[in-house]
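**Student:** Please find one structure pasted underneath; my questions will follow.
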2 protein chains.
Amino acid sequence: MTKIKCTVAYDGSQFHGYQVQPQKRTVQREIQNALARMHHGSTIKIVASGRTDAGVHAYGQVFHFESPLKIPLERWPRALNSLLPGDIYVRHAEAVPETFHARYDVKQKEYRYRLLTRPEPDLFRRAYTAHVAQPLDLEAMNQAAEAIIGTHDFSCFCAANTDVKDKVRTVFHLSVSREKDDETVIRVVGSGFLYQMVRIITGTLLDVGKHQMAPERIAEIIAGGDRQAASATAPPQGLTLWKVTY
Amino acid sequence: MTKIKCTVAYDGSQFHGYQVQPQKRTVQREIQNALARMHHGSTIKIVASGRTDAGVHAYGQVFHFESPLKIPLERWPRALNSLLPGDIYVRHAEAVPETFHARYDVKQKEYRYRLLTRPEPDLFRRAYTAHVAQPLDLEAMNQAAEAIIGTHDFSCFCAANTDVKDKVRTVFHLSVSREKDDETVIRVVGSGFLYQMVRIITGTLLDVGKHQMAPERIAEIIAGGDRQAASATAPPQGLTLWKVTY
């Protein structure tokens, strides 16, 4: 058996998220279907770095699986891509030691959130950005971001429906920058993220950028640990799991 | 009655083209459905500058219709957009004289064809570009474009299944330029275009760019008037009806 680590991109628009669910089109199901076809119908389970929600994209999601096939490693991406639908694309495959685990061994993850920042919407970017019509105060947003960076109990930025007990995470980097005339990108790198954490942070930074919340409030919100004190969850389509580091 | 001219953008990905067809989701049907809701169920027929095929996008399609409603003109886009699906967006509305006709009065049309020019595909641009993995010789393509500019019988660039008899059209402008590191755009402006003409021109320019056809061949192909001599039709998703001028 060879243990293989794959880096995969997907467009989340037409998926009910990453993880297999009965009767639903999910990323994991499509990849496992492709692997089953390569393995004469045998089920090959894949393990990813974590889930992504419906509508959320990935540029650098990582998963592992084990296979008895003797295929040269550089041929795996093409073999899988020939069996995968157009909204999933395996970018890279490499052999990893038997001890490697795509979820447990994650050192850090980077997410990017793309905002379309102009008065008019753009239907050609509607699946990959969230539209914000009013101007954003990026300086205030970056000031708020500074308060989020570090190791904290992030209960305030975690969706209520989660089983996770330990809500301490480390945010290594969080910044907001204008990328084009009409796009602003939020980049966040952390040790790991709670359920919907990046989208709640984004929603909160947006309120700061619109002057609906003072950047000084952020430290209190984190200390308070109350989800209700933070802002609404930003929509999924602006979010991309950019990179997973081991 | 007020005659209204609207400029509309749409993402062609999820439509069976512009024109109403039984049982199919089309742009015209969606717009007429929205207008019917504004007019208490009455059918309001719209007339566009021309059709677009399935998968082809529009940034500046134009249509006209007549309405008895007394709505201030600047409110029409918002009223329509609130009733339209997310993949159609009315950009502008204005009153026009009763004699205006969105199809017959067209002076020129501009189309743009976006090519993703890099070895790897990009699933986030797959609905809006055609992927060309090999390098393109833009100089050769622009040399070929020069031979297409002008007034010619364009039978060689017209799909076989058409009823149009007069195939003389004028191409005012045709150029190929690199827009980003990995995108190349073909811009064409003409008095009007035959069925699939822009996509056949694009396919032919691509063959020139790949050195599969000499740019000097273009003049012969036009003179010969044989569709078989030109190249394959480029796929629809790279094409956008950019602007219609009256």
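**Student:** Out of everything in the range B:104-132 that is basic (K, R) and part of a loop (DSSP other than H, G, I, E, B), what residue ends up being farthest from the other protein chains (Cβ to nearest Cβ)? Can you show your working first?
**Tutor:** To start, the set of residues in the range B:104-132 that are basic (K, R) comprises B:107, B:109, B:112, B:114, B:118, B:125-126.
Going one step further and asking which of them are part of a loop (DSSP other than H, G, I, E, B), we end up with B:107, B:118, B:126.
Details: B:K107: 26, B:R118: 13, B:R126: 6 Å.
Per the stated criteria, the residue is B:K107.
**Student:** So, of the residues in the range B:70-82 that are crowded, with 16+ Cβ neighbours inside 10 Å and either hydrophobic (A, V, I, L, M, F, W, C) or in a loop (DSSP other than H, G, I, E, B) (or both), which turns out to be nearest to the chain's Cα centre (by Cα)? Write out each step before concluding.
**Tutor:** Our first condition is that a residue be crowded, with 16+ Cβ neighbours inside 10 Å; within the range B:70-82, this holds for B:76-77, B:79-81.
Add one more test, that the residue is either hydrophobic (A, V, I, L, M, F, W, C) or in a loop (DSSP other than H, G, I, E, B) (or both), and what stays is B:76, B:79-80.
On the way: B:W76: 24, B:A79: 25, B:L80: 22 Å.
Of everything passing the filter in the range B:70-82, B:L80 is nearest to the chain's Cα centre (by Cα).
**Student:** Quick check: is even one residue across the range A:191-203 assigned to a loop (DSSP other than H, G, I, E, B), within 14 Å of another protein chain (Cβ to nearest Cβ) and buried (at least 19 other Cβ atoms within 10 Å of the Cβ)?
**Tutor:** Step one: list which residues in the range A:191-203 are assigned to a loop (DSSP other than H, G, I, E, B), which gives A:191-196.
Next, from what is left, pick out any that are within 14 Å of another protein chain (Cβ to nearest Cβ): none.
So far as the range A:191-203 goes, no, none of its residues is assigned to a loop (DSSP other than H, G, I, E, B), within 14 Å of another protein chain (Cβ to nearest Cβ) and buried (at least 19 other Cβ atoms within 10 Å of the Cβ).
**Student:** Considering only the range B:119-131, I want to know if a residue exists there that is among the basic types (K, R), under 20 Å from B:G12 (Cα atoms) and out of contact with any strand residue (DSSP E or B) (no Cβ under 7 Å at 6 or more places or on another chain).
**Tutor:** Within the range B:119-131, one or more residues are among the basic types (K, R), under 20 Å from B:G12 (Cα atoms) and out of contact with any strand residue (DSSP E or B) (no Cβ under 7 Å at 6 or more places or on another chain).
Listed here are the residues, each with its yes/no results for (1) of a type in the set (V, I, T); (2) surrounded by 18 or more Cβ atoms within 10 Å (Cβ to Cβ).
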{"site": "A:L115", "(1), (2)": "no, yes"}
{"site": "A:D137", "(1), (2)": "no, no"}
{"site": "A:I149", "(1), (2)": "yes, no"}
{"site": "A:H152", "(1), (2)": "no, yes"}
{"site": "A:V168", "(1), (2)": "yes, no"}
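Quick grid of which residues meet (1) within 14 Å of chain A (Cβ to nearest Cβ); (2) within 17 Å of B:L241 (Cα to Cα):
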position	(1), (2)
B:T7	yes, yes
B:R29	no, no
B:V47	no, yes
B:V56	yes, yes
B:R75	no, no
B:G86	yes, no
B:H92	yes, yes
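**Student:** Another question, if that's okay. With respect to A:R91, is the statement that it is in contact (Cβ under 8 Å) with a residue 60 or more places away in the chain and either surrounded by 15 or more Cβ atoms within 10 Å (Cβ to Cβ) or closer than 21 Å to B:L123 by Cβ (or both) true? Spell out how you get there, then give the answer.
**Tutor:** Values: in contact (Cβ under 8 Å) with a residue 60 or more places away in the chain: yes; either surrounded by 15 or more Cβ atoms within 10 Å (Cβ to Cβ) or closer than 21 Å to B:L123 by Cβ (or both): yes.
Here the answer is yes, as A:R91 does meet what is asked.
**Student:** Also: Yes or no: A:R178 more than 30 Å from A:R91 (Cα to Cα) and either free of Cβ contacts under 8 Å to residues at least 40 places away in the same chain or not assigned by TED's automatic domain parsing to the domain that holds A:D11 (or both)?
**Tutor:** Numbers: more than 30 Å from A:R91 (Cα to Cα): no; either free of Cβ contacts under 8 Å to residues at least 40 places away in the same chain or not assigned by TED's automatic domain parsing to the domain that holds A:D11 (or both): yes.
Criteria not met by A:R178.
**Student:** If I ask for residues that are touching a residue at least 40 places away in the same chain (Cβ under 8 Å) and assigned to a loop (DSSP other than H, G, I, E, B), which ones from the range B:47-68 would you list?
**Tutor:** First pass over the range B:47-68, keeping only residues touching a residue at least 40 places away in the same chain (Cβ under 8 Å): B:47-50, B:52-68.
Result: B:S49, B:G50, B:T52, B:D53, B:A54, B:G55, B:V56, B:P68.
**Student:** List the pairs whose first member sits in the range A:147-166 and is more than 16 Å from A:T204 (Cα to Cα), whose second member is part of a strand (DSSP E or B) and modelled with pLDDT of 95 or more, and whose Cβ atoms are under 6 Å apart, counting only residues at least 6 apart or on separate chains?
**Tutor:** These pairs meet every condition: A:T151/A:T170; A:D153/A:V168.
**Student:** If a residue must be touching a helix residue (DSSP H, G or I) at 6+ places or on another chain (Cβ under 6 Å) and of a type in the set (V, I, T), how many such residues does the range B:104-147 contain?
**Tutor:** Number satisfying all stated conditions: 1.
**Student:** Taking into account only those residues within the range B:9-27 that are polar (S, T, N, Q) and within 14 Å of another protein chain (Cβ to nearest Cβ), which is farthest from B:Y195 (Cα to Cα)?
**Tutor:** Just the residues of the range B:9-27 that are polar (S, T, N, Q), to begin with: B:13-14, B:19, B:21, B:23, B:26.
Checking which are within 14 Å of another protein chain (Cβ to nearest Cβ) leaves us with B:13-14.
On the way: B:S13: 19, B:Q14: 21 Å.
The qualifying residue farthest from B:Y195 (Cα to Cα) is B:Q14.
**Student:** Take A:H101 and decide whether it is within 14 Å of chain B (Cβ to nearest Cβ) and either β-branched (V, I, T) or within 16 Å of A:V244 (Cβ to Cβ) (or both). Don't jump to the end; show me each part of the working.
**Tutor:** On the way: within 14 Å of chain B (Cβ to nearest Cβ): no; either β-branched (V, I, T) or within 16 Å of A:V244 (Cβ to Cβ) (or both): yes.
For A:H101, the condition - within 14 Å of chain B (Cβ to nearest Cβ) and either β-branched (V, I, T) or within 16 Å of A:V244 (Cβ to Cβ) (or both) - is not met.
The values are calculated or read from the model by the stated rules, or taken from the named source; none is laboratory data. Note that this is a predicted model, so its numbers are computed, not measured. Here the Cβ is made from the backbone with ideal geometry for all residues, glycine too, and neighbour counts use every protein chain on show.
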